[in-house]
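To start, the structure itself, in structure tokens.
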């Protein structure tokens, strides 16, 4: 993993690196799981190979917010996505077992800098960037990036009993 400014590392960085993301495509829901660098298993869903950024407005600054506050923040994110006329799919990111899940959006059409700015606008520590050959975690407060591979599969039900946290 490439961590370029360790002093700016968000306190939840290690947890973000382990997060999985479920994306509701038109015909199915898929799960993206980080894997060893160089791994890319599954069919990348963006035909032109453009980066898919996963962004949430939930729990700003890594602090748990109420469901009501998170709902309002997500509504504002969706309004911004519409204003920018971005292509997107509904998504949810969190722990493998589902002990923590945040409503998100999987966006097509942003640069990494634009995705970081949008995440920063909504108080986020980081956003995900998915490409045909990598799964990256991008800090919203610095140029820090963690790079891994990815595995995609049809979504499996989350088993709360499988979570070790």
- Message: Just checking, does region 147-165 include any residue being modelled with pLDDT of 95 or more and in a loop (DSSP other than H, G, I, E, B)?
- Response: no
Here the residues within region 62-73 that are under 16 Å from the mean Cα position of the chain (by Cα) and loosely packed, with under 13 Cβ neighbours inside 10 Å are none
The condition from (1) modelled with pLDDT of 95 or more; (2) more than 16 Å from residue 119 (Cα to Cα) that residue 2 misses is numbered (1)
Pairing a residue in region 1-19 that is outside any loop (DSSP other than H, G, I, E, B) with any residue that is modelled with pLDDT under 65, where Cβ atoms lie under 8 Å and the two sit 6 or more apart in sequence or on different chains, gives 17/1
In region 36-59, anything touching a helix residue (DSSP H, G or I) at 6+ places or on another chain (Cβ under 7 Å), touching a residue at least 60 places away in the same chain (Cβ under 8 Å) and either under 13 Å from residue 123 (Cβ atoms) or surrounded by fewer than 16 Cβ atoms within 10 Å (Cβ to Cβ) (or both) is listed as 55, 57
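Condition check ((1) modelled with pLDDT of 95 or more; (2) in a loop (DSSP other than H, G, I, E, B); (3) buried (at least 16 other Cβ atoms within 10 Å of the Cβ); (4) touching a strand residue (DSSP E or B) at 6+ places or on another chain (Cβ under 9 Å)) across all residues:
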| position | (1), (2), (3), (4) |
| --- | --- |
| 81 | yes, no, yes, yes |
| 89 | yes, no, yes, yes |
| 97 | no, yes, yes, no |
| 110 | yes, yes, yes, yes |
| 114 | yes, no, no, yes |
| 118 | yes, no, yes, yes |
| 129 | yes, no, yes, yes |
| 135 | yes, no, yes, yes |
| 138 | yes, no, yes, yes |
Just one listed residue, out of 53, 100, is within 15 Å of the chain's Cα centre (by Cα) and farther than 19 Å from residue 146 by Cα, and it is 100
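Would you call residue 26 part of a strand (DSSP E or B) and more than 16 Å from residue 148 (Cβ to Cβ)? If you could, list the steps in order and put the result at the bottom.
Details: part of a strand (DSSP E or B): no; more than 16 Å from residue 148 (Cβ to Cβ): yes.
Taking the combined requirement at face value, the residue does not satisfy it.
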Per the filter on region 99-108, residues in contact with a helix residue (DSSP H, G or I) (Cβ under 9 Å, 6 or more places away or on another chain) and either buried (at least 21 other Cβ atoms within 10 Å of the Cβ) or farther than 22 Å from residue 68 by Cα (or both) are 104, 105, 107
Does residue 10 fit the bill of being loosely packed, with under 11 Cβ neighbours inside 10 Å and touching a strand residue (DSSP E or B) at 6+ places or on another chain (Cβ under 7 Å)?
-> no
Flag if residue 46 is modelled with pLDDT of 95 or more, out of contact with any strand residue (DSSP E or B) (no Cβ under 9 Å at 6 or more places or on another chain) and either farther than 18 Å from residue 128 by Cα or part of a loop (DSSP other than H, G, I, E, B) (or both)
no
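The values are calculated or read from the model by the stated rules, or taken from the named source; none is laboratory data. Because the structure is predicted, anything quoted here is derived from the model rather than measured. Please note: Cβ atoms are built from the backbone with ideal geometry, for glycine as well, and neighbour counts cover all protein chains shown.
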